[in-house]
Each structure stands twice: as structure tokens, then as C-alpha cells.
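Comments concern the structure below.
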Amino acid sequence: MANVVNFNPPAVIGDFDQNPKLKDDWNQFISNELRANIESLSDPNGEGVPPEQVCFFDPRKQPSGQAKTASIMWRGFPNILTAKFGKEAYKRADDPVQNIRIQDEYLEWVVRRDDASGKIKEIIFTCESPEYWDKISQDKDLLLQLYRKYASPEVKLSDLFSSDGTYKRNNKWNMSAAIHLTHPANTLGAEINIAVRSTVLRGSGTPITNDHALICCGAYGAPNRNSDPKIGAMVNEAVRNGNWVSLRDPIALYISDIDSSQFTKPDGSTITDFKTRYWNVIRGNAEDGMILRASLKVPEDEMFENKPLLVGDLLISGDPLLHGGQVADTIDVGLYATIVPGAPKATPIPCRFKCCPDGVFPNIDAIVDVEKDCGSIAPASAAADLSQQKSVTRSLSTR
């Protein structure tokens, strides 16, 4: 695996081909994110890791050794919604709150229904970062061209920008067509931050190995998500085993695959051509597991019992397909890491934080200072409006 020279756009997609400056800007954005986060590891006000024990490397300066790729994947339906709403979670997840999709596992979707029957006719999924589209917005002609291609020919520039000229991430066309992610926690900066901070060994003496205990100790993400603990656990295990770790270029969040075995026709019969005719990759590529945007839609000519077949007629895990979240629960989302042997031996950092059960939803945890008494914690984390729930991670670079 050769050193990276310049960082590619997600899935090496060709949006920047007609404007090379945007490609340079994207390279600089990724460079800044990595640099700031890596520097924070040895900062006494950050993680405080001795510089000689930092095990995350810049892909442009890969250590010598036999590198391999690690696939870090999780299911795309929000675990916190299941914890909070139980059987109602699928229904709740489909509806935005305060112009934000409450789908916080780096996968978001919109459901389109048939006007006559109310059944689902299409579900569009995206894992594209808002930061990427911020860069595209610097070229207004390109932004408008892409929105008209993927959202609607009716899109106007005035729909996409605020009165002060800034790009409106949660504009009406993004909300209706799932162009890119909208939840405050679903950012590429958060992914990079979690991956970098997950390389820190934690604990007093013996390193912590449990995924939930790790994230509670380090506060590098949200403990109730599927994604953050999974990233933390796999990256941290690689470091405990003596490896250097980085993110593989092109650095992005990806839809890796969908479990087609869970879908059947209304009579329970197998859909043998599901991935070639029902599952449509819109952006990115499926062969390399780097899908950026996709949709589930029954082909126009597909009939069942002499009637047009809709997505809402299908069965999923034997149940009627009523909500987009049911499909999200079959989709693998994630990132790709590069692992190289020969990293320095690291010393665990004592825990500065811990988890306490929420006062309203005891199966949901809040991260607090390690010295705090759990009994004194106000039930704010889970009881708060989910649209305002933000990851504790942050983007460190200056944009």
C-alpha cells in the first residue's frame, strides 16, 4: 500500500473533475482534520498521550510494514431510537424533527409513498457528509447541476443558499431527496475525531477492552450509538495488538452492503435479482463497498398478481415493509482503516469520564466527569429532543 500523496474525494467520485480547485480544497480539508486531531493526542489539554506513543499516522506518512485494510461496519438503524421507543422506533425514525433527520448512525433516508395507496414506492439512502457538499457549494453552477440531477430539475439556487450567501445544508431539496447527511452528529469530522482518539489505550494499569467501557472512559463519541462504540473498539484493539492505525483514502463514510436475504415478495418467494434490479446505487460504487447514495425501488415493469409491485408490498424478515428504518436495519455502514504492524508500546491513560444511566430512560447512558455522582445527574441526555442530540466529538480544523 503506497503512501497517499493527495486525498481523493469520497469513492473517488468525479464531481471535482470540472473544477480542480475544489479537489485541492478537499485535500486541504482532510489534511487539516487529520493534522489537528493527531496533534490533539499529545496535547496536555487534549488526550495527553506522550508523543512517542501516538499510534495514529497520517496516510501520507505511512510506517514501513505490511499494511492491511480493516472494514469497520455497523447496521444503519439508530440504536438510541430502539432504546427509547422500542417497537415505535421504525415509525418515529422516518419523520424529521425541526428540519433534521433523527437518524444518527451516519446513514439517513427519505421515504416516498404512492399517492393512491400510501404504500412505500421508494426509499433513498445517503451517507454523504455535509462537509463534502459545503465544498461543492463553492461552485454554485456545479452545486445546482448536481441538485437538479439528483433531487429535481426544479431546484433553484435561491433554494440552496441563505440570504447571507452561505450554503443551507438542510435545504428543502436535501430534506426531500436525501442528498447528504443532516443530523448534527453525522459529520466526517466526527468520524475522523473518533478514529483518532480511539487509538488511545485507556484504563488504570490494564487496558480496557470492552467497547462500552472504552467509550464511557474516553468520551470520544456517543455510547448509545451502534457506530461510535464499534469504531472505538476495533481501532483500540488494533493498537493493543501493537499496530499503527489510520483511515484509508478516500476517507469518507460508506454504505458497504445490504442484506438482500431479508427481502421477499408478498408470497414469501425469494427476490433473486434484488441487488441488480431493486437496489440501485446512485453515487459511489458497490464493487469496492463504497456506496455514497442508493435507493430501494421496485422496477417499473414488475407485477404481482396482475398489479404493479411496490416496495411497500414486500416482506422484510417476514414482516410487511412499512417504514424506511426496517431497511436501514439491513444496511451495513462504515469506514475503512489501514493497519500497519510495529507501533510503539503505549501506556493506558486513566479514565476522565464514566457513564451514568439516564434518569428517564435507564437503558440509555450519559457520559459525565468521572468524579460526578450518578445520582446527581439531571436526566437531560436522552430526554432531550433527539434532533438536538449531538455527538461529544468535534471537528478540530479551521475551515
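The values are calculated or read from the model by the stated rules, or taken from the named source; none is laboratory data. Keep in mind the model is a prediction, meaning the values are calculated, not measured. Reconstructed Cβ throughout: ideal geometry from the backbone, glycine too, with neighbour counts over all protein chains shown.
A few notes on this one:
- Single residue of the stretch 353-379 satisfying the filter (surrounded by fewer than 18 Cβ atoms within 10 Å (Cβ to Cβ), in a loop (DSSP other than H, G, I, E, B) and touching a strand residue (DSSP E or B) at 6+ places or on another chain (Cβ under 7 Å)) that is modelled with the highest pLDDT: VAL370
- Qualifying position, being of a type in the set (Phe, Trp, Tyr), farther than 22 Å from ARG197 by Cα and either surrounded by 20 or more Cβ atoms within 10 Å (Cβ to Cβ) or not assigned by TED's automatic domain parsing to the domain that holds GLU287 (or both), among PHE57, PHE29, PHE85, PHE77: PHE77
- Within the stretch 140-154, tally of residues that are buried (at least 18 other Cβ atoms within 10 Å of the Cβ) and of a type in the set (D, E, K, R): 0
- Matching option when the condition is at pLDDT 95 or above, within 26 Å of ASN32 (Cα to Cα), of a type outside the set (Ser, Thr, Tyr) and in a loop (DSSP other than H, G, I, E, B), among ILE255, ILE251, ILE291: ILE251
- Of all residues making up the stretch 169-190, the number that are more than 20 Å from the chain's Cα centre (by Cα) and of a type in the set (Lys, Arg): 1
- The sole residue among PRO308, PRO299 that is without any contact (Cβ under 8 Å) to a residue 12 or more places away in the chain and not assigned by TED's automatic domain parsing to the domain that holds CYS55 is PRO308.
- Considered as a group, the residues in the stretch 216-234 that are surrounded by 23 or more Cβ atoms within 10 Å (Cβ to Cβ), among the hydrophobic types (A, V, I, L, M, F, W, C) and in contact with a helix residue (DSSP H, G or I) (Cβ under 6 Å, 6 or more places away or on another chain) include one that is modelled with the lowest pLDDT, and that residue is ALA222.
- Taken as a whole, the structure places ASN193 among residues that are buried (at least 20 other Cβ atoms within 10 Å of the Cβ) and either at pLDDT 95 or above or over 21 Å from the mean Cα position of the chain (by Cα) (or both).
- Scan of the stretch 168-185 for residues that are in a helix (DSSP H, G or I), more than 20 Å from ALA252 (Cα to Cα) and not aliphatic (A, V, I, L, M), ordered by number: LYS172, TRP173, SER176
- Residue match in the stretch 175-184 (condition: in contact (Cβ under 8 Å) with a residue 12 or more places away in the chain and under 19 Å from LEU41 (Cα atoms)): no
- Checked against (1) buried (at least 20 other Cβ atoms within 10 Å of the Cβ); (2) under 20 Å from VAL333 (Cβ atoms), LEU41 passes all but a single condition, namely (2).
- Any helices (runs of 4 or more DSSP H) falling wholly within the stretch 1-101 and containing at least 3 residues that are more than 23 Å from the chain's Cα centre (by Cα): 20-42
- Options GLU122, GLU128, GLU191; residue that is in contact (Cβ under 8 Å) with a residue 40 or more places away in the chain, in a helix (DSSP H, G or I) and of a type outside the set (A, V, I, L, M, F, W, C): GLU191
- Among (1) basic (Lys, Arg); (2) surrounded by fewer than 18 Cβ atoms within 10 Å (Cβ to Cβ); (3) in contact with a helix residue (DSSP H, G or I) (Cβ under 7 Å, 6 or more places away or on another chain) - the single one LYS135 does not satisfy: (2)
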